[in-house]
Amino acid sequence: MTEHQVKVGIIGGSGLDDPQNHILTTDCVTKREAAKNDFGLPSGDLLHGNINGVNVVLLSRHGPGHTLNPTTINYRANIEALKLAGCTHILASNACGSLQESISKGQLVIPDSFIDKTIHRNVTFYDGTSAKYSGVRHIPMEPAFDVKTSKILYEVGKELKYDIKKGGTVVAIEGPRFSSKAESNMMRLLGGDLINMTICPEVYLAKEAGLLYAAVAMATDYDCWKDSEDKVHAADVVIVFKENVSKVINMLAKAVQVIGEKNWDEEICALKELCETSKVSS
């Protein structure tokens with residue numbers, strides 16, 4: 001018997017906010033207004049359903065019709081809404097630019113670290129906004145992504161015979177603009193493998209909230225560092241993502257099934273203890 005009932009939150013990025021790409025048959029919907037919490041309104045409605053018998057909650061990161069730019073997304077409200085819905089895990093999809101020759105357009109990557117270059121976002125639950133998150137906590141961020149959940153995503157991708165890479169560092173930039181060439185090259189020198197506008201603060205807020213978080217990133221372009229390639233353009237990013245979105249959907253669906261077959265008590269309890277022991281004030 002397991003102590004914790006698995007429920008997987010899926011945060012869909014560019015391309016997965018299209019209703020025709022919804023990964024589940026919806027049993028019920030929690031309206032955005034009803035999902036309002038101490039941190040405000042989430043990006044959109046919460047779609048409840050199941051995949052192969054595993055309870056799932058789907059949330060569009062950018063809202064219906066991709067109306068929210070990366071900075072104006074209420075990441076805290078999104079994560080808290082999924083937590084309040086009973087989620088134990090979060091699987092996220094992200095469109096990214098490749099900063100490495102070895103990561104080609106359309107390739108999938110399971111990231112294992114990040115560099116946060118954002119500057120205008122609410123980066124912690126522990127800022128006095130909510131009585132539920134009291135005091136100051138310094139949460140360790142290594143590993144940044146849940147190892148067991150990330151391993152499942154990678155193994156599922158290999159099983160499906162997709163071109164997929166295990167591990168990689170995502171550089172998160174503020175956006176909504178793309179990088180200059182100098183910035184793109186700087187991110188490469190910093191050790192970035194991918195560049196994206198939404199992985200942070202989402203990944204570390206999930207950890208603060210005690211949710212096991214993993215992501216599948218798709219390389220859609222080479223940003224602007226590679227002289228032999230066209231420079232990144234939003235329209236081209238959308239085209240590449242749409243051409244490959246079925247792979248992400250298949251991976252997420254299969255990963256949900258595998259997650260539901262495992263006992264997660266140890267991982268959930270360990271993360272809860274980590275959060276508790278990271279408290280330095282009341």
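The values are calculated or read from the model by the stated rules, or taken from the named source; none is laboratory data. Note that the coordinates shown come from a computational prediction; the quantities given were computed from them, not determined experimentally. Every residue, glycine as well, gets a Cβ built from its backbone with ideal geometry; the counts of neighbours run over all protein chains shown. For the accessible areas, the whole protein counts, side chains as well, though only heavy atoms, and no ligand, DNA or RNA atoms are used. Shrake-Rupley method; radii C 1.70, N 1.55, O 1.52, S 1.80 Å.
Summary of computed values
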| item | result |
| --- | --- |
| Hits in the range 258-282 - residues which are of a type in the set (S, T, N, Q) and either open to solvent by 50 Å² or more (accessible area, probe 1.4 Å) or without any contact (Cβ under 8 Å) to a residue 60 or more places away in the chain (or both) | Asn263, Thr277, Ser282 |
| Residue match in the range 43-61 (condition: hydrophobic (A, V, I, L, M, F, W, C), more than 21 Å from Leu211 (Cβ to Cβ), in contact with a Ser or Thr (Cβ under 7 Å, 6 or more places away or on another chain) and buried (at least 24 other Cβ atoms within 10 Å of the Cβ)) | no |
| Qualifying residues in the range 242-257 (those that are buried (at least 17 other Cβ atoms within 10 Å of the Cβ) and of a type in the set (Gly, Ala, Ser)) - the one modelled with the highest pLDDT | Ala255 |
| Filter result (hydroxyl-bearing (Ser, Thr, Tyr) and either crowded, with 20+ Cβ neighbours inside 10 Å or in contact with a His (Cβ under 8 Å, 6 or more places away or on another chain) (or both)) within the range 208-241 | Tyr213, Thr220, Tyr222 |
| Residue in the range 3-14 that is open to solvent by 10 Å² or more (accessible area, probe 1.4 Å), farther than 27 Å from Asp236 by Cβ, in contact with a helix residue (DSSP H, G or I) (Cβ under 6 Å, 6 or more places away or on another chain) and acidic (Asp, Glu) present | yes |
| Residue in the range 149-163 that is open to solvent by 10 Å² or more (accessible area, probe 1.4 Å), outside any loop (DSSP other than H, G, I, E, B) and modelled with pLDDT under 95 present | no |
| Which listed residue is without any contact (Cβ under 8 Å) to a residue 12 or more places away in the chain, among the charged types (D, E, K, R) and not in a strand (DSSP E or B), from Glu33, Glu80 | Glu33 |
| Test: Asn185 is more than 20 Å from Asp112 (Cβ to Cβ), touching a residue at least 40 places away in the same chain (Cβ under 8 Å) and polar (S, T, N, Q) | yes |
| Residue check, Thr71 in a loop (DSSP other than H, G, I, E, B), free of Cβ contacts under 8 Å to residues at least 24 places away in the same chain and under 22 Å from Val237 (Cα atoms) | no |
| Residue in the range 231-241 that is out of contact with any strand residue (DSSP E or B) (no Cβ under 6 Å at 6 or more places or on another chain) and modelled with pLDDT of 90 or more present | no |
| Failed condition for Val171, given (1) out of contact with any Lys or Arg (no Cβ under 7 Å at 6 or more places or on another chain); (2) surrounded by 13 or more Cβ atoms within 10 Å (Cβ to Cβ); (3) not in a loop (DSSP other than H, G, I, E, B); (4) not acidic (Asp, Glu) | (1) |
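Rundown of residues vs (1) open to solvent by less than 50 Å² (accessible area, probe 1.4 Å); (2) assigned to a loop (DSSP other than H, G, I, E, B); (3) of a type in the set (S, T, N, Q), yes/no style:
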| residue | (1), (2), (3) |
| --- | --- |
| Ser93 | yes, no, yes |
| Ile103 | yes, yes, no |
| Thr124 | yes, yes, yes |
| Asp127 | no, yes, no |
| Lys132 | no, yes, no |
| Pro140 | no, yes, no |
| Ala144 | yes, yes, no |
| Arg177 | no, yes, no |
